[in-house]
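Written below as structure tokens is the structure these notes are about.
The values are calculated or read from the model by the stated rules, or taken from the named source; none is laboratory data. Remember, it's a predicted structure, so these values are computed and weren't measured experimentally. All Cβ positions, even for glycine, are placed from backbone atoms using ideal geometry, and neighbour counts span all protein chains on display.
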């Protein structure tokens, strides 16, 4: 009986020591090492790819899209449709998958697509109405947008609904409106877009893109400069 108890205690002690060692290694040392390496070598990405304004305040993440809407005419009206603020570059449509109570600058609480087929009548209606709005919103006294010039990403949401980027074509389509509304020269705004256009990875992977948050942050700095 004593031998059984002694053997059980040895096994229990060995298991307890293993538990303590593994807890220390896997629960403390390894997380600290990984965190330290990430902070040292990839500080921006490790902290959420934050974008800060000139005052050092975080305005968002380069990985998550934001909307740029005018304030509601009636703040208490939950049914009032959002109106894009013409002063800013606009992102891809989010199609209102939900309201985000944490980041109120973006209208999503879920990450997901519309799940509509290309011939779905509801999707066709969305795209048709969105194209009309893009043409109307971005036409100015000296520049008229043609329906054929509206790129696909201007009227459809991304697969996640959280895409922070738009195509250079959609950014360029908005240049005249942004320039007019902010009292800037068209060439000045075109340069801003060009400076914030990212090319294909390694020259052949993906598509050129423009991060809307980074572009609008640069536009804000230009207006305040």
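Observations on the structure shown:
- Sole exception among (1) assigned to a helix (DSSP H, G or I); (2) surrounded by 12 or more Cβ atoms within 10 Å (Cβ to Cβ); (3) modelled with pLDDT under 90 for residue 109, by number: (1)
- Filtered residue count, the range 1-54, keeping only those that are out of contact with any helix residue (DSSP H, G or I) (no Cβ under 6 Å at 6 or more places or on another chain), under 30 Å from residue 211 (Cα atoms) and outside any loop (DSSP other than H, G, I, E, B): 11
- Candidate set from the range 183-214 (those that are in contact with a helix residue (DSSP H, G or I) (Cβ under 7 Å, 6 or more places away or on another chain) and crowded, with 19+ Cβ neighbours inside 10 Å); member that is farthest from residue 138 (Cα to Cα): 196
- Residue within the range 166-182 that is exposed (fewer than 15 other Cβ atoms within 10 Å of the Cβ), outside any loop (DSSP other than H, G, I, E, B) and assigned by TED's automatic domain parsing to the domain that holds residue 61 present: yes
- Residue in the range 138-153 that is assigned to a helix (DSSP H, G or I) and at pLDDT below 85 present: no
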